[in-house]
1. Given a 1.4 Å probe and the protein chains all in place, what does the accessible area of ARG296 round to, in Å² to the nearest 10?
2. Hey, what did region 252-380 get for relative contact order, percent, Cα under 8 Å, at least 6 apart?
3. State log₁₀ I(q)/I(0) for region 236-379 at q = 0.10, 0.14, 0.15 Å⁻¹ as given by the Debye formula over alpha-carbon point scatterers of equal weight, solvent excluded.
4. Nearest 5 percent is fine: what portion of the DSSP beta bridges confined to the chain is antiparallel?
5. Helix 301-325 versus the longest principal axis of the chain: what angle, 0 to 90°, nearest 10, using Cα atoms?
6. Measure off 7 Å from each Cα along the Cα-to-Cβ vector at LYS110 and GLU163, then give the distance between these two points in nanometres to one decimal.
7. For the chain, report the accessible area per residue in Å² (1.4 Å probe, heavy atoms, rounded to an integer).
8. In region 93-158, if every C-alpha pair distance is counted and binned at 10 Å from zero, what percent goes to each bin?
Amino acid sequence: MNFKPAFPFIISIFLLTGCWGARNIDQLVYIDAIGVDYKDHHFIVYVQLISFTGLAKVETGGAQEKTSVAVGRFTGETFNIATDKLYTSIQRMVSWGHVKSIVFTKRALKKVVLEDVLDILDRYNEIRPTLWVYATDEPLKKIFEATPLLHTTPFYSLLSNPEELFQQSSFIRPIRLNRFVADMNEDSKTARLPYLNIASRSWAENEKEKTMLNVKGICFVDHYELQQCIDRSKLLGIRWMEKDISRTPIYVKKGNKVVASIVILKPKSKISYQIKGNTPVFNIKVSGKGSVVELREKLSEKQLIRLAQKTVEEEIRSLYKLGLKYDMDILNLSEAMYRKKPEDWKKFSENGKIPLTDENLKKIKVKISIDTSGKEKFRQ
């Protein structure tokens with residue numbers, strides 16, 4: 001008797017056994033975001049659940065389903081104890097493999113909390129180190145219930161996909177978990193964390209007020225401890241010192257009046273320093289090309305460039321002075337020295353930072369060129 005024809009069939013049965021434990025997409029619940037609060041020595045953990053069923057229908061050309069979001073809240077002595085408690089009531093198998101972001105409250109931005117959370121996330125193989133990280137002072141339940149407009153799934157929200165919005169209007173750069181951890185561990189650097197709040201009066205949907213997530217500013221974190229959270233209106237100079245800025249506007253002023261708007265594409269900055277006497281003196285260069293979007297007053301190209309360069313210089317210098325007020329190296333000047341000549345940094349630094357005064361920042365040189373003024377031409 002010849003058994004050879006049956007042999008491939010028997011082998012194929014064994015090869016298929018790995019799929020027998022697979023589950024359909026609607027049999028699992030997917031955690032999209034994690035929130036961490038801390039009060040009375042206890043962790044308060046929130047999770048945002050989303051459904052991929054509606055998303056799959058939209059991606060294949062089907063009708064868009066109404067967005068639904070579920071939010072869970074659990075407490076525990078440690079981050080792990082709090083998250084373990086969700087299993088007792090969730091009633092379906094949980095997938096942590098699609099977590100896109102983690103949000104810390106301001107009171108959770110302290111070493112005892114961050115080290116506990118990061119230790120768990122680093123050990124748990126389902127969660128990736130590329131989560132987007134945020135801070136907030138809002139109730140985390142409200143943050144997770146603020147879904148996008150037009151019943152769009154939270155999969156496309158600011159929490160899960162901030163990069164596209166940043167490319168269109170670059171100001172406060174989103175940061176991933178691995179970069180945030182690296183910045184906190186860097187002796188010479190102050191980490192920057194996007195600071196969220198709820199905008200409740202800007203939008204309406206179906207004649208009802210619609211709450212939306214909003215990037216309010218930046219929380220500065222140094223060595224796993226919160227330094228200060230600052231509103232974006234006071235941080236205009238940060239975009240000229242940040243990497244990967246794609247497109248950002250300048251509202252050019254003459255006195256207190258806005259006379260023009262220019263969009264700058266991919267600006268570049270460079271920090272250099274000199275040792276004068278026994279003091280490091282820093283200089284900053286910024287360059288960029290722009291397009292005129294609005295011209296409210298008749299100006300020549302030379303006049304407009306001069307006013308725009310003055311605006312950028314004032315924004316950077318104002319930001320530096322704000323850092324002095326809060327005793328922060330807000331421009332990360334210490335890091336520039338550390339990268340260029342570590343022995344100088346060791347000589348002048350105290351607790352990882354260069355002590356800064358009004359005298360440490362000298363020249364700010366800004367060079368802006370105008371590529372196009374649109375259909376309207378400049379006054380000669």
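1. 150 Å²
2. Details: 188 pairs, mean separation 45.2, N = 129.
Relative contact order of region 252-380: 35 percent.
3. Values, matching the q order: -0.39, -0.69, -0.77.
4. Among the beta bridges of the chain, antiparallel pairing accounts for roughly 70 percent.
5. On a 0 to 90 degree scale, this one is about 70.
6. Reported label-point gap for LYS110 and GLU163 is 3.5 nm.
7. On the way: 21710 Å² over 380 residues.
Computed with neighbouring chains in place, this is 57 Å² per residue.
8. 17, 45, 34, 5
The values are calculated or read from the model by the stated rules, or taken from the named source; none is laboratory data. All values derive from a computational prediction rather than experimental measurement. FYI the Cβ positions are ideal-geometry reconstructions off the backbone, even for glycines, and counts take in every protein chain you see. Calculation scope for accessible area: heavy atoms of the full protein, side chains included, ligands and nucleic acids excluded. Shrake-Rupley method; radii C 1.70, N 1.55, O 1.52, S 1.80 Å.
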